[in-house]
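Shown next, in structure tokens, is the structure this report addresses.
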Amino acid sequence: MPPIACRPKPLTPSQAAEAVRRAMLINPGNGAVRRTIVRTPVGRRGGPRRLAVVIARKWPTSGVRLTVQFLDNAPADLRKRILLHMNAWNKTANVQFVETRGTGQVRITRLDRPEDMSGYWSYVGTEILGVKNNEPTLNLDSFTMRTSESEFRRVVRHEAGHTLGFDHEHMRGALVRKIDRTKALRFFDLTQGWTPEEIDEQVLTPLAAASIMGTRESDPTSIMCYQIPGAITKDGKPITGGRDINRTDFAFAASIYPKRLARPRTRR
């Protein structure tokens with residue numbers, strides 16, 4: 001069975017409108033990228049389609065410090081391990097995820113049901129502030145201490161990237177053009193149960209380059225890139241996808257949330 005694909009969680013129409021206003025207040029630069037997409041209710045085949053306006057959802061350039069709450073009964077060693085991988089972005093960027101006993105800004109669950117809550121997903125960036133306090137903002141379907149280290153690196157770090165405001169790298173035009181639409185519709189219907197509209201949005205619709213990783217060239221090994229099998233590409237060659245944060249990812253994160261250099265002491 002192929003890996004579970006990540007699907008950023010969409011807000012409701014009322015939440016989305018408020019999210020645009022909030023994102024602009026938090027980081028005025030978010031308004032530089034604006035696009036309109038068509039969404040359908042997650043996990044509901046044939047549901048009503050609606051238009052949604054999306055802008056960038058990055059945090060202040062001065063840095064990010066987000067509190068994390070685990071909504072289920074995750075044991076202490078698992079909580080520590082998840083936080084360790086979320087904070088891998090701190091290697092180059094001024095970002096920090098800190099567990100809290102109160103209501104966290106990031107709220108994690110490991111739901112494998114119902115369908116619209118299962119899988120791997122996260123709201124993107126500042127959107128998490130518009131989610132009700134008793135609802136999750138990030139899901140790690142069935143993760144336990146028995147989950148492999150490679151999956152912690154591939155999935156937890158990817159979802160933390162979404163929480164930091166990073167979109168999917170595979171949706172850059174250069175990579176989207178490699179995918180065969182007919183094959184993709186069949187593949188994601190069978191493996192993920194996605195509607196054609198969801199496949200269009202999550203896999204087949206390229207985004208403006210400025211709204212994604214911000215690098216000059218598309219990066220098929222970015223942690224924010226799906227693993228796309230050769231069975232659905234036009235040339236039969238897979239898009240390998242990222243299994244860990246790579247050098248380009250680290251450099252991009254540092255450019256968005258730069259660490260402040262300590263000022264040298266002056267001698268008196």
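Are any of the residues in region 150-159 within 16 Å of residue 69 (Cβ to Cβ), buried (at least 17 other Cβ atoms within 10 Å of the Cβ), charged (D, E, K, R) and touching a helix residue (DSSP H, G or I) at 6+ places or on another chain (Cβ under 9 Å)? Within region 150-159, one or more residues are within 16 Å of residue 69 (Cβ to Cβ), buried (at least 17 other Cβ atoms within 10 Å of the Cβ), charged (D, E, K, R) and touching a helix residue (DSSP H, G or I) at 6+ places or on another chain (Cβ under 9 Å). Evaluated against (1) charged (D, E, K, R); (2) open to solvent by less than 60 Å² (accessible area, probe 1.4 Å); (3) at pLDDT 75 or above, residue 247 falls short on exactly one condition, (2). When 65, 79 are checked against the criterion of being assigned to a helix (DSSP H, G or I) and either in contact with a Phe, Trp or Tyr (Cβ under 6 Å, 6 or more places away or on another chain) or modelled with pLDDT of 65 or more (or both), 79 stands alone in meeting it. Screening region 98-124 for residues that are touching an Asp or Glu at 6+ places or on another chain (Cβ under 8 Å) and in contact (Cβ under 8 Å) with a residue 60 or more places away in the chain and picking the one that is most open to solvent (accessible area, probe 1.4 Å) gives 120.
Whether any residue in region 140-149 is touching a residue at least 60 places away in the same chain (Cβ under 8 Å) and among the small types (Gly, Ala, Ser) is what I want to check. No: region 140-149 contains no residue that is touching a residue at least 60 places away in the same chain (Cβ under 8 Å) and among the small types (Gly, Ala, Ser).
Against the definition (of a type in the set (A, V, I, L, M, F, W, C), open to solvent by 20 Å² or more (accessible area, probe 1.4 Å) and over 17 Å from residue 75 (Cα atoms)), how does residue 164 come out, yes or no? Please lay out each step first, then the result.
On the way: of a type in the set (A, V, I, L, M, F, W, C): yes; open to solvent by 20 Å² or more (accessible area, probe 1.4 Å): no; over 17 Å from residue 75 (Cα atoms): yes.
Spelling it out, it is not the case that residue 164 is of a type in the set (A, V, I, L, M, F, W, C), open to solvent by 20 Å² or more (accessible area, probe 1.4 Å) and over 17 Å from residue 75 (Cα atoms).
Residue count for region 68-96 under the criterion of being within 21 Å of residue 222 (Cα to Cα) and open to solvent by less than 10 Å² (accessible area, probe 1.4 Å): the result is 6.
Could you tell me which of the residues 136, 75 is within 17 Å of the chain's Cα centre (by Cα) and not basic (Lys, Arg)? Show your work before the answer.
Numbers: 75 fails: within 17 Å of the chain's Cα centre (by Cα).
Just a single option satisfies the conditions, and that option is 136.
The one condition from (1) over 26 Å from residue 252 (Cβ atoms); (2) acidic (Asp, Glu); (3) open to solvent by less than 40 Å² (accessible area, probe 1.4 Å) that residue 127 does not meet is (1). Of all the residues in region 117-145, those that are hydroxyl-bearing (Ser, Thr, Tyr) and under 23 Å from residue 63 (Cα atoms) number 4.
Condition check ((1) modelled with pLDDT under 85; (2) over 23 Å from residue 57 (Cα atoms); (3) of a type in the set (D, E, K, R)) across all residues:
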| residue | (1), (2), (3) |
| --- | --- |
| 185 | no, yes, no |
| 189 | no, yes, yes |
| 198 | yes, no, yes |
| 208 | yes, no, no |
| 217 | yes, no, yes |
| 226 | yes, no, no |
| 235 | no, yes, yes |
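The values are calculated or read from the model by the stated rules, or taken from the named source; none is laboratory data. Values in this document were obtained by computation on a predicted structure and should not be read as measured data. Every residue, glycine as well, gets a Cβ built from its backbone with ideal geometry; the counts of neighbours run over all protein chains shown. Please note that ligands, DNA and RNA were not included when accessible areas were found on the heavy atoms of the full protein model with its side chains. Shrake-Rupley method; radii C 1.70, N 1.55, O 1.52, S 1.80 Å.
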